[in-house]
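Chemist: Take a look at the following structure, please.
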Amino acid sequence: MALMKRISGIRGTIGGFLGTGLTPYDVVVFASGYAQYVLSQHGKGSIVVGRDARISGEMVSSLVIRTLQGMGLDVVDLGLATTPTTAYMVSSSNAIGGIILTASHNPKHWNALKMLDENGDFVSEEAGKEILRLSDLSDFQYAKVDQLGKVETFDEALDRHIEHILSLDLVNPKGIRALDLKIVVDGINSIGSYAVPKLLNALGVENVSVIFEEMNGDFSHNPEPLPEHLTELSNVVRREQADLGIAVDPDVDRLAFVREDGEPFGEEYTLVAVADYVLGNTPGSTVSNISSSRALGEVTRSHGQTHYSSAVGEVNVVQKMREVDAVIGGEGNGGIIYPESHYGRDALVGIALFLSHLAHEKKSISALSASYPKYLMSKQKMNLDPSLQFDTVIQALKFKYKQYVIDELDGLKITFDNDWVLIRPSNTEPILRIYSEGNSQNLADNIGRQIMQDIEEIRRQNVA
């Protein structure tokens with residue numbers, strides 16, 4: 001069992017004793033803390049609530065909605081909705097906040113409450129800390145019967161979101177329709193199995209098939225859209241001779257493609273390709289987090305523009321994008337943030353821009369892939385012995401690799417000649433993440449494995 005309280009929200013495994021998992025009590029307390037904070041900032045108003053198709057989603061949603069109502073806030077209940085749709089509905093309405101019920105790429109026994117501000121952005125670090133403080137105090141004043149909030153069900157959020165996407169200047173439905181594409185979608189048993197085909201049809205793609213279509217939250221494979229989890233999508237693309245495979249995570253904010261030959265396009269290159277298209281039409285800077293591929297920087301510079309790095313986490317990327325007025329940004333895990341739409345990772349916007357890029361380039365997916373700088377990334381993780389402090393690991397690694405470029409923007413990043421490795425604690429799981437990139441997969445894997453061996457040696461020395 002696990003329960004993780006972060007400034008961006010609360011995430012945990014469903015059930016267990018208080019403090020060991022995400023129990024109904026924890027949901028109510030945290031929703032109350034969020035409500036009290038929003039009331040202190042804005043007074044009464046509406047909160048938008050959406051959820052993915054997780055098995056626990058309906059239960060958690062009911063608890064959150066009735067808690068907000070009990071605090072005197074009105075609720076716009078979207079029901080099953082993608083994370084970007086929920087964020088878009090906040091940003092395009094008079095809502096004063098939003099809560100998304102999803103644990104993103106985590107397995108089915110996880111769920112989470114992700115908090116949005118009045119702009120549809122994830123709450124700031126300062127706001128997140130205050131919400132956690134209020135939740136820990138549990139000193140809430142609930143509304144009297146005549147001041148209870150109202151609950152409105154809104155079923156047209158996805159339609160409104162898609163209509164908005166089609167209105168974006170760089171989205172080209174006519175060009176996409178002319179490609180006459182055959183596309184396979186991995187819906188991972190969640191809202192993406194409905195939302196992605198609906199978007200594709202609106203863009204003019206008529207030949208769409210879906211695998212893992214039933215929206216029951218019982219994920220048919222690991223829901224993180226990494227190549228090793230998308231083997232069935234790759235097989236179906238080959239078998240059906242499709243032009244493209246599309247995979248999203250359960251809440252549809254991460255996006256990955258499979259080429260017509262069944263090989264992965266590479267989740268890191270989702271952002272690279274979309275940025276290439278945007279920069280070709282809109283001069284400006286780009287932003288990605290420190291764990292993303294260096295390929296984005298190279299493509300950005302090829303357009304005569306400047307690339308910036310941020311700490312890991314969507315809120316950090318958005319903050320940097322606003323600071324430098326970036327025209328496109330995101331995270332190398334397949335998260336596209338396009339400010340012309342809204343400041344949030346949005347796989348639906350990413351799909352529309354990527355297909356518009358294809359319509360402009362008139363290339364196959366594999367040919368487009370071959371046109372970009374080629375780097376391979378290894379993403380590994382390991383448990384950190386509770387007796388070993390992360391700071392101890394950092395200091396030891398800094399000393400061992402002191403001859404190389406060291407960056408402590410977020411965790412520890414060591415840059416070698418043409419390769420790099422990043423070591424940082426996960427925001428979503430009780431683990432260390434080790435990301436490494438090189439000119440070959442073998443090199444990237446070996447760099448990551450060497451760092452893991454280093455950490456194990458540090459642990460043994462610390463115990464001794």
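The values are calculated or read from the model by the stated rules, or taken from the named source; none is laboratory data. A quick note: this is a predicted structure, and the numbers were derived from the prediction, not measured. Using ideal geometry, Cβ is built from the backbone for each residue, glycine included, and neighbour counts are taken over all protein chains shown.
Chemist: Only one of (1) crowded, with 17+ Cβ neighbours inside 10 Å; (2) within 17 Å of the chain's Cα centre (by Cα); (3) of a type outside the set (G, A, S) is not met by L230, so which one is it?
Modeler: (2)
Chemist: Being over 21 Å from I337 (Cα atoms), part of a strand (DSSP E or B) and free of Cβ contacts under 8 Å to residues at least 40 places away in the same chain is true for just one of V184, V208. Which residue is that?
Modeler: Matching residue, one of V184, V208: V208.
Chemist: Please work out if S291 is out of contact with any helix residue (DSSP H, G or I) (no Cβ under 9 Å at 6 or more places or on another chain), buried (at least 21 other Cβ atoms within 10 Å of the Cβ) and touching a residue at least 24 places away in the same chain (Cβ under 8 Å).
Modeler: In short, yes.
Chemist: Can you pull out the residues in the range 164-181 that are free of Cβ contacts under 8 Å to residues at least 60 places away in the same chain and either crowded, with 17+ Cβ neighbours inside 10 Å or not assigned by TED's automatic domain parsing to the domain that holds I365 (or both)?
Modeler: P173, the sole residue that qualifies.
Chemist: Just one of (1) surrounded by fewer than 21 Cβ atoms within 10 Å (Cβ to Cβ); (2) in contact with a helix residue (DSSP H, G or I) (Cβ under 9 Å, 6 or more places away or on another chain); (3) in contact (Cβ under 8 Å) with a residue 40 or more places away in the chain trips up H42, so point out which.
Modeler: Here H42 clears every test but (2).
Chemist: In the range 18-38, is there at least one residue being surrounded by fewer than 16 Cβ atoms within 10 Å (Cβ to Cβ) and either of a type in the set (V, I, T) or at positive phi (or both)?
Modeler: yes
Chemist: Any residue in the range 365-378 that's among the β-branched types (V, I, T): show its pairings with residues that are assigned to a strand (DSSP E or B) and buried (at least 19 other Cβ atoms within 10 Å of the Cβ) at Cβ separation under 7 Å, as long as the two are six or more apart or on different chains.
Modeler: I365/L244; I365/F257
Let's see how each residue does on (1) in contact with a strand residue (DSSP E or B) (Cβ under 9 Å, 6 or more places away or on another chain); (2) surrounded by fewer than 24 Cβ atoms within 10 Å (Cβ to Cβ); (3) hydroxyl-bearing (S, T, Y):
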residue: G57; (1), (2), (3): yes, yes, no
residue: Q69; (1), (2), (3): yes, yes, no
residue: L73; (1), (2), (3): yes, no, no
residue: D77; (1), (2), (3): yes, yes, no
residue: A81; (1), (2), (3): yes, no, no
residue: S91; (1), (2), (3): yes, yes, yes
residue: N94; (1), (2), (3): yes, yes, no
residue: H109; (1), (2), (3): yes, yes, no
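Chemist: Separate question: Name the residue, out of K362, K320, that is on the phi > 0 side of the Ramachandran plot and not small (G, A, S). It would help to see each step written out before you state the result.
Modeler: Values: K320 fails: on the phi > 0 side of the Ramachandran plot.
Just a single option satisfies the conditions, and that option is K362.
Chemist: Is one or more of the residues making up the range 138-147 in contact (Cβ under 8 Å) with a residue 60 or more places away in the chain and either closer than 22 Å to D251 by Cβ or buried (at least 20 other Cβ atoms within 10 Å of the Cβ) (or both)?
Modeler: no
Chemist: Does at least one position in the range 215-227 carry a residue that is outside any loop (DSSP other than H, G, I, E, B), surrounded by 17 or more Cβ atoms within 10 Å (Cβ to Cβ) and at pLDDT 95 or above?
Modeler: no
Chemist: One residue is enough: does the range 359-374 have a residue meeting the conditions within 30 Å of G120 (Cβ to Cβ) and not assigned by TED's automatic domain parsing to the domain that holds L170?
Modeler: no
Chemist: Applying the selection to the range 300-327, what residues are more than 22 Å from S124 (Cβ to Cβ) and surrounded by 24 or more Cβ atoms within 10 Å (Cβ to Cβ)? Break it down into steps so the answer makes sense when it comes.
Modeler: Of all residues in the range 300-327, those more than 22 Å from S124 (Cβ to Cβ) come to 300-307, 327.
Passing the criteria: only T300.
Chemist: Search the range 5-33 for residues that are of a type in the set (F, W, Y) and pair each with any residue that is not in a strand (DSSP E or B) when their beta-carbon atoms are under 7 Å apart and the residues are at least 6 apart or on different chains.
Modeler: F30/S135
Chemist: Which ones in the range 14-44 are assigned to a helix (DSSP H, G or I), among the hydrophobic types (A, V, I, L, M, F, W, C) and out of contact with any Ser or Thr (no Cβ under 9 Å at 6 or more places or on another chain)?
Modeler: Taking the range 14-44 first, the residues assigned to a helix (DSSP H, G or I) are 24-42.
Remaining after also requiring among the hydrophobic types (A, V, I, L, M, F, W, C): 27-31, 35, 38-39.
Matches in the range 14-44: V38, L39.
Chemist: Related question: For I47, work out the one condition from (1) touching a residue at least 40 places away in the same chain (Cβ under 8 Å); (2) not in a strand (DSSP E or B); (3) not small (G, A, S) it doesn't fulfil.
Modeler: (2)
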